Every structure is written in C-alpha cells, then in structure tokens.
Amino acid sequence: MMLAVRMAMAASAAASFTVLAHGVHDGTAAPEWTFDGWVVGPLLASLAWYAVGYLRLRHRTTAATAHHASASLFIAGWLVLAAALVTPLHEAGERSFAAHMVEHELLMLVAAPLLVLSHPIGIALWAYPQGGRRALAAFGRGISTPWHMLTAPMTATMLQAVALWAWHAPRLFDLALANQGWHVVQHLSFLVTALLFWWAVLRGHEHRVGVSVGCLFFTATVSGALGALMAFSSSPWYAGYAISGLDAFGLTPAEDQQLAGLLMWIPGGVVHALAGLALFARRLGREGGRFDAFDNACHRGGLRGTLPKGAAHDRFR
C-alpha cells in the first residue's frame, strides 16, 4: 500500500513540474499553488478527522495490518485530491482545458476509488467520543434507506453520467470558469457522484457483481462518447478558453480541446475497463474457492464414491 502513496506523491510532483515548465516555455506567468480556504480548510479537516480516528482505533485493536492498509489508501486518495485542487495544476486548468481535464480525471478516476477502498467512515468515527459515535451510528441507520437508493449501482451510474454531461455543456462549463462559486459546485458534483459510483461498484453486494461490471462498462462508454465528441471537434466549445488567447501547451484552443477529449476518452475507458475485469476476476476466484471447499467437504464427509476429486470445481469451469 505504500506504493500507492508513493505513486500519488509522484503524480502530484509531476503535475506541478509540468505546469510550471509550461509557464516558462510559453512566456506566461507560471501557474501558482492555490490556497483557497474553501478547499484547503476541508482538506486539512478531513485529514485531521481521519488521523484522530485512526490513532484511537489503533490503540484499541491488534488488527494493525488492516488499519495500516486502509490508512495508506486514504492518504493516497487525499494526496491525489490535494494534487488536483491545490497544486499549480488547478490554476493551469483555468488557462488550459487539457489541464482542467487532468484535474477532473484525478478527482473521479483516482482519488474517488482510493477513498472508497480505504473504508474511511468506520475509522473516522473513532475521532468522536463513545456518545458521539452512538449518535452518528443511529443517524446512519435512520438514513440507510436513501443511502442504499443512492448507492444502488444503476442509480449511482446515472447520477455520475448526468453530472458529467451536464457540466460539460458549454453554458454550464463557461459559468464554472467565470464564477469561483460555481467552479466549486462543479468539482463537488464530480467528486460526490464519483464517490457514490465507486462505492456502488466496489463495495456493493457480491451477488450484484454482474450489475457492477455492466455499470463500469456503461460508464466507460458514456464518458468515452463525450471525450470522442471533443476529440473530433474542429472548433472549441467553451468561450472561456476560446477568447483567452492562451496558446496552451503550444496548442490552439481547438487542439487543446481535442487533447482534453482524448484524456477523457482513453484513460477513462481504460480505468473503468480494468476495474470491471478486476471485479469479474475476483468473483471467479471466489466461486472457485467455494467449489474447492465444497469438494473437500464432500471427501471429508465420506462421499468419495459420489464425485471424483475436483469434479465439483471442474463442473463449473
């Protein structure tokens, strides 16, 4: 898991170096770090909240290995969030659509699944005293029905698809570029719907793996279609970039948009496809383990004459 942390730190450093080098190359002022209180405040608060819960839980249990793995995933996801929202990549995204697309891909394809896989809620709750944990647990039980509705695979998939397509409509995207408040809302929409989506497909019930895999491939198709439209467009969609006069990465605004479309189309499709294949492979592995256990139980129970050794597993291959 420490490899994931190192990869996230390397991604942050690489993003910073890339945009800084771009600023020097094209003669514009190099993008700077963005220390917006509305972003830095929640980032630091979430890290402190998780850290306190993790340390308290670690002192009360011997399952240190599992908690260490979860903490490594959470830190990796948190670092990717910081790389997308605080490093010079964020300011570069106001000048270049391709840089903006990298920021969105980090939020939705890297940070969101890492945070979901870290199981953060159960650990972060330990930051509260016992009475607070009980109250929050009761609150969680009270909202379990709407939560299950929101994290149903098909519902979460459609919510993310709507957010993706709606915010890339020219009018809404230009609104986000021109207004900092709407820019925050745009990023929150992407992050929240991505968290719901990855929670639904990665932490759903085992018997719904087929549905989750289908949702992953559907999302790859939906996001890929939007990226392909951008990649094959010969004119820029967004006035905020078209009128800026920026020669982004040595590209015209139209070429910058085409690069952004490719970034949405290809990496997004690869991530969703690999996640779908991983879920499918894990399901096959578990089924194989069940058949092996059943086979061994038959032989321990004296059913040697019923099935030949290994037949229970071979039958379902």
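The values are calculated or read from the model by the stated rules, or taken from the named source; none is laboratory data. Only a predicted model underlies this, so the values are computations on that prediction, with no experimental measurement involved. Positions of Cβ are generated from backbone atoms using ideal geometry, with glycine treated the same way; all protein chains shown enter the neighbour counts. The accessibility values were calculated without ligands, DNA or RNA, using every heavy atom of the protein model including side chains. Shrake-Rupley method; radii C 1.70, N 1.55, O 1.52, S 1.80 Å.
Within the full protein context, the accessible area of L188 is estimated at about 100 Å² for a probe radius of 1.4 Å.
Sorting the segments 271-277, 92-98, 143-149 by their mean number of nearby beta carbons within 10 angstrom, highest to lowest, gives 92-98, 271-277, 143-149.
Packing, as the average of other Cβ atoms within 10 Å across residues, places the peptides 221-227, 74-80 in the order 74-80, 221-227, highest first. Classify region 104-154: rounded, prolate or oblate, from the alpha-carbon gyration tensor (a ≥ b ≥ c, eigenvalue square roots; a/c under 1.5 rounded; otherwise prolate if a/b is larger than b/c)? The shape class here is oblate.
Compared with the direct C-alpha span, the chain from T221 to L277 gains 18.6 nm at full extension, assuming 0.36 nm per residue. Ranked by the mean number of other Cβ atoms within 10 Å of their residues, highest first, the peptides 260-266, 115-121 come out as 260-266, 115-121. Taking 0.36 nm per residue of separation and subtracting the Cα-Cα distance, full extension of the segment from L229 to V185 would add 13.4 nm.
Placing a label point 7 Å from the Cα of A30 along the Cα-to-Cβ direction, the residues of region 79-97 with a backbone N closer than 19 Å are 83-96.
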